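The values are calculated or read from the model by the stated rules, or taken from the named source; none is laboratory data. Everything numeric here is computed off the predicted structure, so don't read it as measured data. FYI the Cβ positions are ideal-geometry reconstructions off the backbone, even for glycines, and counts take in every protein chain you see.
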4 protein chains.
Amino acid sequence: MPRGRTRDTDAQQRILDATIDLLGSRGAGQLRMDEIAAGAGVGKQTIYRWWPSKHAVVIDALLQRSTKETPFPDTGDARRDLRSHMRGVVRVFSSPTGALIRELVAESQVDAVVARAFVDRFWQPRRDLSTAFLQRAIERGQVRDDIVVEVALDAIYSPLWSRLLIGYGPVNVRLVDDVLAIVWPGLAA
Amino acid sequence: MPRGRTRDTDAQQRILDATIDLLGSRGAGQLRMDEIAAGAGVGKQTIYRWWPSKHAVVIDALLQRSTKETPFPDTGDARRDLRSHMRGVVRVFSSPTGALIRELVAESQVDAVVARAFVDRFWQPRRDLSTAFLQRAIERGQVRDDIVVEVALDAIYSPLWSRLLIGYGPVNVRLVDDVLAIVWPGLAA
Amino acid sequence: MPRGRTRDTDAQQRILDATIDLLGSRGAGQLRMDEIAAGAGVGKQTIYRWWPSKHAVVIDALLQRSTKETPFPDTGDARRDLRSHMRGVVRVFSSPTGALIRELVAESQVDAVVARAFVDRFWQPRRDLSTAFLQRAIERGQVRDDIVVEVALDAIYSPLWSRLLIGYGPVNVRLVDDVLAIVWPGLAA
Amino acid sequence: MPRGRTRDTDAQQRILDATIDLLGSRGAGQLRMDEIAAGAGVGKQTIYRWWPSKHAVVIDALLQRSTKETPFPDTGDARRDLRSHMRGVVRVFSSPTGALIRELVAESQVDAVVARAFVDRFWQPRRDLSTAFLQRAIERGQVRDDIVVEVALDAIYSPLWSRLLIGYGPVNVRLVDDVLAIVWPGLAA
DNA sequence: ATATAAGCGAGACGGTACGTCTAGTCTTATC
DNA sequence: GATAAGACTAGACGTACCGTCTCGCTTATAT
């Protein structure tokens, strides 16, 4: 065993929790390093030991919080499963996680490193799950096989994203059904 | 007419131009009040006299620059007209105007006043034109009359927006055609 | 006679009055050009038409206000006349004129032009009167003829000035008598 | 002992040094916070953390620089000792310290807090030394015991001060002798 | 009577320094 | 030796005030 004080592994968790608390309660853009540190009962240096920047913390907080938040059911009915997943996305957007996402998208406009990390670590893994879902549905013959999958997913999900980010309209269950009503005809086999 | 020296509209224009130059050349988040003032040959106070915040300037710059940038043609063929308009949007997103939009969306996550102004002054007027277009197409019998127009427009345009803001894929002419391929079947009468 | 509207000589007076009012009521360092203009019901340009800077106005206000404020009596008794004059100085220092003087001395530390103007136009004329008074007393045989007159006047008056400017002690009638008690023996023939 | 990084006394010293350099080389009123910070290699916040205002820095610079600059000799000959001390004051007034003093007196006209600090921390301690000196001389029978000590010191020193601050005449060794020639007769027992 | 011209109040202008804020780094005493 | 505390550098922010410039109005002389 090395000498000296042992690492406080709990601190890392408290930092992520404080990040979510602050962003969730005050909204995107109101996050201060001093406050994360104070809220976690931690020195700022401890944060910077593990993360290179404020937004790296936010990404990890987002990843930890949102793991398995929106699973894909597999009932065999592709439309129903998709609807179920989209409802999960709506719930996430309305939760504190929504504030984390908004914070990161805001910073993504400014900082290409954050943008890259957000896409690679948050967006793409979830997109991959959706892609797999859609391809399964194609193989089962529930969805047409001549569509561009990537763009199909855009048509399905991006209305939720643009409303989250621009705020011109509600993000709710009703929206999910309206989107499907319009998009599904172009997808169904 | 009020007494006193009148507002220097040339200075106002130089401020908006400097804003666009700086945002266009350096990207969102790289805009500094001192630099706008220096670039416009203006004192900072002159900016603050007429705009309440940096982002109010950006909104005005955006509005001035983007007027009539993406007109709606009316050939009678709704799909063709829509495609033409979407290509215009793609062009705008790739121009310096795209940087203005990204700057404002970033700030919208943080500042509700900016978010409101962006929607009311930029987004909604353009959305109204799109809405009118779609309703015209419905009346002509080219588009189904049982869709939710607002959501239909989301399905059409939001893929462009989410790619602009999140950056997971290209925003180009190809995307326009792919989106139409998926969405149009659900719209066509 | 030149064409055009004639100068409003009353405005000049209102400017000086406003300057004294503001300095007198709020103290040195609290004088703003905008407020002088507003107080005098005048545009700032009108002030700058007649005076090159804010402190040039203050000097003129001081000169106008203090003319003949502290006359030298001539009773034939040099000590008594001197005491009477010093009492006048004490009164001036306690009046709004004191604030004008403090303002100008403050600016004199910073601006050599103001310093020069203050000495040449305010200080030296008064000093000349004192010098004349002292020389008269020497001629009459009431004051020794082997003193350096300039320095004798310093010994007499500068205690009042240093107290005005540094504020370590009161400037009152009692001080006048105490100063004379100490200095007069070195002056009396 | 409190936790956390301790005050960087070297930075503190560099701030005071930069203050003296700037004031000494450019004169009173030419001191800029940004330049002190740049000259000291320090952030502005560090200055404001330890001093409430620019002039609080100047006072501390003055105190540090002038400690023991003008000691009182004690040869037993009061007039000679006084002359020696006054020559020290003349030297100080001609040094960069003179610029610090002029800066503080200028601000004293405007800011009562600075005025109070200047008197309490700089003026009064030195005045106390002079008072003690004079009382010693009285006890030794070299100076009359019926004078007001405070005013005697005014008569001695204030000619130097009023010339420093108003600038109507030189502050040099000659002045010291001339002042003593006039004032000493009123003091000597 | 009309044209011309200077002075005027109002207030916008360019510029400079201010004091504040917060990111990310560095240093100390403590555990 | 890792930690909490917190001081550190750097740099943008929004405000205040100076002295200048410009507008439309007023007041006078010259035609």
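Listed residues C:Ser84, C:Ser130; which is within 14 Å of the chain's Cα centre (by Cα) and either modelled with pLDDT of 95 or more or part of a loop (DSSP other than H, G, I, E, B) (or both)?
Of the residues listed, the single one that is within 14 Å of the chain's Cα centre (by Cα) and either modelled with pLDDT of 95 or more or part of a loop (DSSP other than H, G, I, E, B) (or both) is C:Ser130.
Might you let me know whether region B:20-34 holds any residue that is in a helix (DSSP H, G or I), more than 12 Å from chain A (Cβ to nearest Cβ), within 14 Å of DNA strand E (Cβ to nearest atom) and over 30 Å from B:Glu139 (Cα atoms)?
Filtering region B:20-34 down to residues in a helix (DSSP H, G or I) leaves B:20-26, B:33-34.
Within this subset, residues satisfying the condition of being more than 12 Å from chain A (Cβ to nearest Cβ) are B:20-22, B:24-25, B:33-34.
Next, from what is left, pick out any that are within 14 Å of DNA strand E (Cβ to nearest atom): B:33-34.
Subset that is over 30 Å from B:Glu139 (Cα atoms): B:33-34.
Looking for residues that are in a helix (DSSP H, G or I), more than 12 Å from chain A (Cβ to nearest Cβ), within 14 Å of DNA strand E (Cβ to nearest atom) and over 30 Å from B:Glu139 (Cα atoms), one finds at least one in region B:20-34, hence yes.
Considering each residue of region C:1-19, count those that are assigned to a helix (DSSP H, G or I) and of a type outside the set (S, T, N, Q), and give that number.
7
Would you point out which residue out of D:Val92, D:Val171, D:Val176 is in a loop (DSSP other than H, G, I, E, B), surrounded by 15 or more Cβ atoms within 10 Å (Cβ to Cβ), modelled with pLDDT of 95 or more and more than 7 Å from every other protein chain (Cβ to nearest Cβ)? Before you say what the answer is, go through the steps one by one.
On the way: D:Val92 fails: in a loop (DSSP other than H, G, I, E, B); D:Val176 fails: in a loop (DSSP other than H, G, I, E, B).
Just one listed residue meets the conditions, D:Val171.
Which residue is farthest from A:Leu175 (Cα to Cα), if the candidates are limited to region A:78-90 and must be of a type outside the set (Gly, Ala, Ser) and touching a residue at least 60 places away in the same chain (Cβ under 8 Å)?
Looking at the filtered set, the residue picked out is A:Arg79.
Is it the case that D:Val57 is in a helix (DSSP H, G or I), away from DNA strand F (no atom under 16 Å from the Cβ) and more than 11 Å from chain C (Cβ to nearest Cβ)?
Numbers: in a helix (DSSP H, G or I): yes; away from DNA strand F (no atom under 16 Å from the Cβ): no; more than 11 Å from chain C (Cβ to nearest Cβ): yes.
Answer is no for this residue.
Taking the conditions exactly as written (in a helix (DSSP H, G or I) and exposed (fewer than 15 other Cβ atoms within 10 Å of the Cβ)), does B:Arg65 satisfy them or not?
The answer is no for B:Arg65.
Tell me, which residue of region D:36-53 that is near DNA strand F (Cβ under 6 Å from one of its atoms) and not in a helix (DSSP H, G or I) is farthest from D:Leu16 (Cα to Cα)?
D:Gly43
Of all residues in region C:1-19, count the ones that are more than 6 Å from DNA strand E (Cβ to nearest atom) and either within 14 Å of another protein chain (Cβ to nearest Cβ) or within 29 Å of the chain's Cα centre (by Cα) (or both).
The total comes to 10.
Can you say whether D:Ser162 is assigned to a helix (DSSP H, G or I), closer than 21 Å to C:Asp178 by Cα, more than 7 Å from every other protein chain (Cβ to nearest Cβ) and in contact with a helix residue (DSSP H, G or I) (Cβ under 9 Å, 6 or more places away or on another chain), as far as the supplied structure shows?
Taking the combined requirement at face value, the residue does not satisfy it.
Which condition breaks for D:Trp123 when tested against (1) under 15 Å from the mean Cα position of the chain (by Cα); (2) more than 7 Å from chain C (Cβ to nearest Cβ)?
Of (1) under 15 Å from the mean Cα position of the chain (by Cα); (2) more than 7 Å from chain C (Cβ to nearest Cβ), only one is false for D:Trp123: (2).
Considering only region A:2-35, state which residues are within 11 Å of DNA strand F (Cβ to nearest atom) and either more than 30 Å from B:Ala115 (Cα to Cα) or modelled with pLDDT under 95 (or both). Lay out the reasoning, then the answer.
The initial filter retains those residues of region A:2-35 that are within 11 Å of DNA strand F (Cβ to nearest atom), namely A:2-12, A:14-15, A:33-34.
Selection gives A:Pro2, A:Arg3, A:Gly4, A:Arg5, A:Thr6, A:Arg7, A:Asp8, A:Thr9, A:Asp10, A:Ala11, A:Gln12, A:Arg14.
Report yes if A:Ala137 is modelled with pLDDT of 95 or more and either within 9 Å of another protein chain (Cβ to nearest Cβ) or touching a Gly at 6+ places or on another chain (Cβ under 6 Å) (or both), otherwise no.
No: the conditions fail for A:Ala137.
Could you tell me which of the residues B:Val114, B:Val119 is touching a His at 6+ places or on another chain (Cβ under 8 Å), more than 21 Å from B:Val179 (Cβ to Cβ) and assigned to a helix (DSSP H, G or I)?
B:Val114
When you go through (1) within 15 Å of DNA strand E (Cβ to nearest atom); (2) surrounded by fewer than 19 Cβ atoms within 10 Å (Cβ to Cβ) one by one for D:Val114, which number turns out not to apply?
Result: D:Val114 fails condition (2) only.
One residue is enough: does region D:43-61 have a residue meeting the conditions more than 25 Å from D:Ala112 (Cα to Cα), within 11 Å of DNA strand E (Cβ to nearest atom), free of Cβ contacts under 8 Å to residues at least 40 places away in the same chain and surrounded by fewer than 18 Cβ atoms within 10 Å (Cβ to Cβ)?
yes
Scanning for something within 16 Å of DNA strand E (Cβ to nearest atom) and either within 14 Å of chain A (Cβ to nearest Cβ) or out of contact with any His (no Cβ under 9 Å at 6 or more places or on another chain) (or both), does region B:72-88 turn up at least one residue?
Within region B:72-88 (the criterion being within 16 Å of DNA strand E (Cβ to nearest atom) and either within 14 Å of chain A (Cβ to nearest Cβ) or out of contact with any His (no Cβ under 9 Å at 6 or more places or on another chain) (or both)), the answer is no, since none of the residues qualifies.
Considering (1) over 23 Å from C:Arg65 (Cβ atoms); (2) more than 12 Å from chain D (Cβ to nearest Cβ), say which one C:Ala155 fails and leave the rest.
Among (1) over 23 Å from C:Arg65 (Cβ atoms); (2) more than 12 Å from chain D (Cβ to nearest Cβ), the lone unmet condition for C:Ala155 is (2).
Please tell me if B:Ala137 is touching a residue at least 60 places away in the same chain (Cβ under 8 Å) and buried (at least 16 other Cβ atoms within 10 Å of the Cβ).
Details: touching a residue at least 60 places away in the same chain (Cβ under 8 Å): no; buried (at least 16 other Cβ atoms within 10 Å of the Cβ): yes.
Taking the combined requirement at face value, the residue does not satisfy it.
If you check D:Ala181 against the conditions, is it crowded, with 16+ Cβ neighbours inside 10 Å, more than 30 Å from C:Val119 (Cα to Cα) and more than 15 Å from the chain's Cα centre (by Cα)?
Details: crowded, with 16+ Cβ neighbours inside 10 Å: yes; more than 30 Å from C:Val119 (Cα to Cα): no; more than 15 Å from the chain's Cα centre (by Cα): yes.
No, not satisfied.
Which of (1) of a type in the set (A, V, I, L, M); (2) within 16 Å of DNA strand E (Cβ to nearest atom); (3) in contact (Cβ under 8 Å) with a residue 60 or more places away in the chain does B:Leu100 not meet, given it meets every other one?
(2)
Considering only region C:145-152, I want to know if a residue exists there that is within 18 Å of C:Ala28 (Cα to Cα) and either outside any helix (DSSP H, G or I) or out of contact with any helix residue (DSSP H, G or I) (no Cβ under 7 Å at 6 or more places or on another chain) (or both).
no
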